[in-house]
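Below you'll find the structure, written out as C-alpha cells, and then a few comments.
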Amino acid sequence: MKYVVAGNAAADCITFADGTSTGFLPGGASLFALTGIQLWTDEVILCGGFGEDYMDHMGEWLLRNHINRSGFHVRDPKNPLNYMYYRDEGSWDTKTVYGNEHYDMLSCDPEKDRLRDFLPDAAGLCVFRGEDPDFYRQIFALKVEFPFKLCWEIKGNFAVPEKMSAVREILDHVDAFSINGPEAHALFQVQTDEDAIAAMKALGLPLVIYRVGKRGIYILKDGQALFAPSFQKYPVMDVTGCGNSSTSAAFYAWCEGMDSIGIAAYANVTAGHNLRYCGAMELSEENRRLAREDVRRFAQSLREAGA
C-alpha cells in the first residue's frame with residue numbers, strides 16, 4: 001500500500017453551538033486523515049485497533065466509500081465513541097464515552113496491529129499522536145527498515161513549551177510536520193504567525209504544514225513559506241476534521257512531487273470538501289471528480305495571483 005495512516009477510528013456525536021446535534025457519525029482524527037488521501041487515490045489504508053462493534057456505528061459509511069479494512073484489527077468489544085461540543089467561537093470540548101485510556105489503547109500499536117505488513121511498498125506514513133515514547137520508538141525503528149516518509153501531526157496537549165525537548169527529539173526523525181496556529185504559538189512561545197514561521201523554518205524540516213484555520217495554510221518548503229487562502233466554494237456544514245484531512249492531503253501531494261502551490265491547493269481543496277459534510281466526507285466518484293477539477297482551478301488561481 002502506497003500510503004498508510006496509523007491510528008484508529010471513532011464515531012463522533014457533534015453538538016453545535018446552536019444546540020443541534022448530528023447523532024453518531026464516522027470520525028476520529030485518523031479517519032479524517034484517511035479521507036484526506038483517499039479523496040485522491042485508493043492506494044491508502046488505515047491501520048489500528050478497533051472494537052467488535054465498529055461496523056454498527058460506521059459500517060454503512062465504510063462500505064459505501066469502499067474503505068479498505070484489512071488494517072482494522074479488533075482488539076476490544078467496544079469501538080471508541082466521542083461526544084463533541086462546539087462553542088460559538090469555534091473551539092470545542094470532547095467527552096470520550098469509554099474513557100481516554102480506552103481510546104488511547106486502540107490507537108495504532110505497531111506490533112499488535114502488524115503495521116510492518118503495510119510498509120514494504122509505502123511512500124508515506126501519517127501519524128497523529130501526542131506523547132508516547134514507545135510508539136515513536138517502534139515507528140523510528142520501522143523507518144530505518146523501510147524507506148517511507150513520515151508525517152507527524154502533533155496533538156494539541158503535546159504542543160506545550162515544557163514538552164519542547166521531547167518534541168524536538170521526534171522532529172529529528174520526521175520528514176513532514178503539521179501544526180495549527182494556537183499550537184505553534186504555545187509550543188514556540190510566540191505571539192505572531194511570522195515568529196512561529198521563523199521558529200519552524202529553523203527546524204530545518206523538508207516540509208512543514210502550518211494551518212491557520214479558516215484563513216488558510218502556510219507551506220514551508222525549501223526554506224520558503226508560501227501562504228494560500230482557504231478554498232471557499234461549498235456551504236460549510238461542519239469544520240471537524242479539516243486539519244487532519246488537509247494535513248494528509250498536503251503530505252500526499254508532497255510525496256507525489258508537487259511544488260508548494262500544488263501542496264497548498266490539495267490541502268485547502270480537501271478541507272473545502274470536508275466542510276461539506278458532518279462527519280467524514282463522502283468519497284464518491286463524483287466528489288472525487290469535482291475535487292480534481294477544483295484543485296486544478298484553485299492551483300491555477302494561486303499561480304495567477306503570484307502565490
Which residues, taken from the stretch 141-198, are part of a helix (DSSP H, G or I) and among the polar types (S, T, N, Q)?
-> Asn157, Ser165
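Any idea which residue in the stretch 272-299 is surrounded by the most Cβ atoms within 10 Å (Cβ to Cβ), counting only those that are over 25 Å from Tyr85 (Cβ atoms) and of a type in the set (Lys, Arg)?
Arg288
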Please go through the stretch 254-291 and pick out each residue that is in a helix (DSSP H, G or I) and free of Cβ contacts under 8 Å to residues at least 40 places away in the same chain.
-> Gly262, Ala265, Val269, Glu285, Glu286, Arg289, Leu290
Mind checking which residues of the stretch 227-260 are of a type in the set (Ser, Thr, Tyr), open to solvent by less than 40 Å² (accessible area, probe 1.4 Å) and over 16 Å from the mean Cα position of the chain (by Cα)?
-> Ser230, Ser260
Residue pairs qualifying under the 9 Å Cβ cut-off, at least six apart or on distinct chains, with the first in the stretch 227-238 being touching a residue at least 60 places away in the same chain (Cβ under 8 Å) and the second being open to solvent by 100 Å² or more (accessible area, probe 1.4 Å), are Phe227/Arg215
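Return a yes/no flag: does the stretch 262-271 have any residue that is more than 17 Å from the chain's Cα centre (by Cα), over 14 Å from Lys214 (Cα atoms) and open to solvent by less than 20 Å² (accessible area, probe 1.4 Å).
So far as the stretch 262-271 goes, yes, one or more of its residues are more than 17 Å from the chain's Cα centre (by Cα), over 14 Å from Lys214 (Cα atoms) and open to solvent by less than 20 Å² (accessible area, probe 1.4 Å).
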Of the criteria (1) within 17 Å of Tyr277 (Cα to Cα); (2) at pLDDT 95 or above, which one Gly49 fails | (1)
Which residues, counting only those in the stretch 91-140, are closer than 25 Å to Val212 by Cα, in contact with a strand residue (DSSP E or B) (Cβ under 6 Å, 6 or more places away or on another chain) and buried (at least 16 other Cβ atoms within 10 Å of the Cβ)?
-> Gly124, Leu125, Cys126, Val127, Phe128
Conditions: (1) in a strand (DSSP E or B); (2) under 20 Å from Arg114 (Cα atoms). Leu31 meets all but one. Number of the miss?
-> (1)
Expected single match for under 24 Å from Arg129 (Cα atoms) and charged (D, E, K, R) among Asp238, Asp259, Asp294 is Asp238
Name the single residue, out of those in the stretch 200-226 being in a helix (DSSP H, G or I) and open to solvent by 30 Å² or more (accessible area, probe 1.4 Å), that is nearest to Trp152 (Cα to Cα).
-> Lys201
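The values are calculated or read from the model by the stated rules, or taken from the named source; none is laboratory data. This structure is a prediction, so every number in the text was calculated from the model and none was measured. FYI the Cβ positions are ideal-geometry reconstructions off the backbone, even for glycines, and counts take in every protein chain you see. SASA here: full protein model, heavy atoms, side chains in, ligands and nucleic acids out. Shrake-Rupley method; radii C 1.70, N 1.55, O 1.52, S 1.80 Å.
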